[in-house]
Amino acid sequence: MTAALPWVPRSACTPRCAADPAPAADPALQRHRRRRLAGALAGTAAASARAHLAGARGRRRLVVCAAARLLTAAGVRVEVHASPVGWPRSGTGSLVVANHVSWLDGLALLTVVPGVPVAKAEIGEWPLVGGLLRRTGVVLLDRARVRALPGAVAEAAGLLQSGTSVTVHPEGTTSCGVQLGRFRPAFFQAAVDAAAPVCPVAVRYRTDGGSGTAVVAHLGGESLRRSLARVLATRGLVVEVHLLPALDPSGADRRELAALAEYAIAAVTEARPPVVTAHPRLPRVPAPVPVRRPARRPGVARAA
């Protein structure tokens, strides 16, 4: 077993958080989903093989289409809730920050928010999907090497300055969705350096017509295969993607932006959390939240 690294965030959640019952798909539907998933993975392999022939935009389109096929095959529906204030259009890309529950988060965000994800280095070694992601320029972070962090942040800042949006999970780990983890400020520095807007996104899971669920959570070193089996065995899974008003980085530092984004997302995810009997819910320690100043640009909430 790999030793825990002191600088890597750790969630209090365990696979027990995802053990509560959810509406079950019948055996025939599960078999159908497995066949469709095998077909979607075959399509991803074909896309990965020809990705080098496409330009940057073409490769990103291949990734988006692959993500949509995988979600559909697994029986997961994406439901988008638009921001009440439109995200800004500027010369830079946007730093999209979202909470982290499952490997499904990344697939859903790829279909909704265009951009390059920040992912742990291990994902780059995954068969099929890893190869396709590497060809799109995904920012891979080696969490075992703390000295690799500044280089990954600088790479993200360069992408933002070039007009490419970057998606990151600032918690640095997954949780079951009951309580949001603290947002690490490191990648918010990329938004400060590039003068790029920060766009918070809240991701929440529920069953169709039902309440929130943690059955999709990928926790505590659990294998991807076991997590996938739970997803395929659940009927009517819906991933809600809530786009929230953007934050202006002008005059703000990375810690202020992290606090504002965290509380904006927590207001959505913790308003209707999944009921998880085994979750060791801890009291939220209030973090200092900076006072907002009037936005300089329409559609952008400015952080102090």
Can you name the residue in region 227-261 that is closer than 30 Å to residue 195 by Cβ, surrounded by fewer than 17 Cβ atoms within 10 Å (Cβ to Cβ) and of a type in the set (Gly, Ala, Ser) and, of all such residues, is farthest from the chain's Cα centre (by Cα)? 251
Just a yes or no: is a residue in region 151-172 at pLDDT below 90, among the charged types (D, E, K, R) and more than 23 Å from residue 61 (Cβ to Cβ)? no
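Just checking, how many residues over region 215-226 are surrounded by fewer than 21 Cβ atoms within 10 Å (Cβ to Cβ) and within 16 Å of residue 71 (Cα to Cα)? Outline the logic, then answer.
First, pick out the residues of region 215-226 that are surrounded by fewer than 21 Cβ atoms within 10 Å (Cβ to Cβ): 220-226.
Still in the running and within 16 Å of residue 71 (Cα to Cα): 224-225.
Of the residues in that region, 2 qualify.
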Please list, ordered by first then second residue, the pairs with beta carbon atoms under 9 Å, 6 or more apart or interchain, first in region 166-184 and surrounded by fewer than 24 Cβ atoms within 10 Å (Cβ to Cβ), second of a type in the set (Asp, Glu) and assigned to a loop (DSSP other than H, G, I, E, B). 178/270; 179/270; 180/171; 180/270; 181/171; 182/171; 184/171
Could you tell me whether any residue of region 127-140 is open to solvent by 30 Å² or more (accessible area, probe 1.4 Å), of a type outside the set (Lys, Arg) and modelled with pLDDT of 75 or more? yes
Give the number of residues within region 73-120 that are part of a loop (DSSP other than H, G, I, E, B), crowded, with 18+ Cβ neighbours inside 10 Å, of a type in the set (S, T, N, Q) and more than 9 Å from the chain's Cα centre (by Cα). 2
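The values are calculated or read from the model by the stated rules, or taken from the named source; none is laboratory data. Because the structure is a prediction, the values reported are computed rather than measured. As a convention, Cβ positions derive from the backbone with ideal geometry for all residues, glycine included, and neighbour counts pool all protein chains shown. The area values use the complete protein model at the heavy-atom level, side chains included, leaving out ligands, DNA and RNA. Shrake-Rupley method; radii C 1.70, N 1.55, O 1.52, S 1.80 Å.
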